[in-house]
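Undergrad: Have a look at this one before I ask anything.
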Amino acid sequence: MRNTIKVLKSIANNAEDNRLRNPIEVPPENLSISRSHMPQIATDQRDNFLKSLEREGVSHQFTRIAPIHLKATQGEFNLDKVRSIIDKKPPTNPVIVSKDNFILDGHHRWLADYNMDKHEPTPMLKIDLPILDLLAQARRFDGVDFKSVTESTKYKIRNNL
């Protein structure tokens, strides 16, 4: 039992050492919107969201952009979630961005990509709207959820900027 506890403490200490040696870099520029007010578009709702934008005459394109060229919209991040994404195989879902290169959905994936190689282009879904207009459209979409930074709470809101 004592050996098991020592091993667990050693693993915990090594994990903490890695966090100190490799801290997550968070670019300072963002719009400081609380994560709880940021729309989260589930993968199974993405096509419906794009169709709703198309009905409004808004186009989109799949592209690749280096994370260094994007800007955060939300001002809160769950760094444990970012570390988890870095430790695992990166997700294949593209980050959704506005035409002015602000992130609508996928902040944690973007921050993981940024910390792995901020100059390596990664998949993005670019929507032809500036971020404030895109946020308003996303908040009106029925298939969107809102989560706190800890993700323990999921709820819906309908605020306009």
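Throughout, read-outs are computed from the coordinates displayed, never taken from laboratory work. Predicted model, so just to flag it, every value in this text is computed and none were measured. Using ideal geometry, Cβ is built from the backbone for each residue, glycine included, and neighbour counts are taken over all protein chains shown.
Undergrad: Order of 106-119, 35-48, 56-69 by packing, highest average Cβ count within 10 Å first?
TA: Put in order of decreasing packing, that is 106-119, 35-48, 56-69.
Undergrad: 5 Å is the cut-off here: which amide hydrogens, built 1.01 Å from N in the peptide plane, fall below it relative to Leu104, excluding neighbours closer than 5 in sequence?
TA: The answer is Ile96, Val97, Ser98.
Undergrad: Let me ask you something else. Sorted from largest down, give the three principal axis spans of the alpha carbons of the range 80-130, whole angstrom values.
TA: Rounded to whole Å, the extents work out to 33, 20, 15 Å.
Undergrad: Name the residues of the range 55-91 whose amide N is less than 13 Å from a point 7 angstrom out from the Cα of Asn22 along the C-beta direction?
TA: 82-90
Undergrad: List the pairs from Lys81/Lys126; Lys71/Lys118; Lys51/Lys71 whose alpha-carbon separation is above 22 Å, in the order I gave them. Can you show the working numbers first?
TA: Details: Lys81/Lys126 24 Å; Lys71/Lys118 12 Å; Lys51/Lys71 25 Å.
Flagged as over cut-off: Lys81/Lys126; Lys51/Lys71.
Undergrad: Can you tell me how the range 29-155 classifies by the Cα gyration tensor, rounded, prolate or oblate, using a/c under 1.5 as the rounded cut? Walk me through the numbers on the way to the answer.
TA: On the way: a/c = 1.58, a/b = 1.21, b/c = 1.30.
Cα axes put the range 29-155 in the oblate bin.
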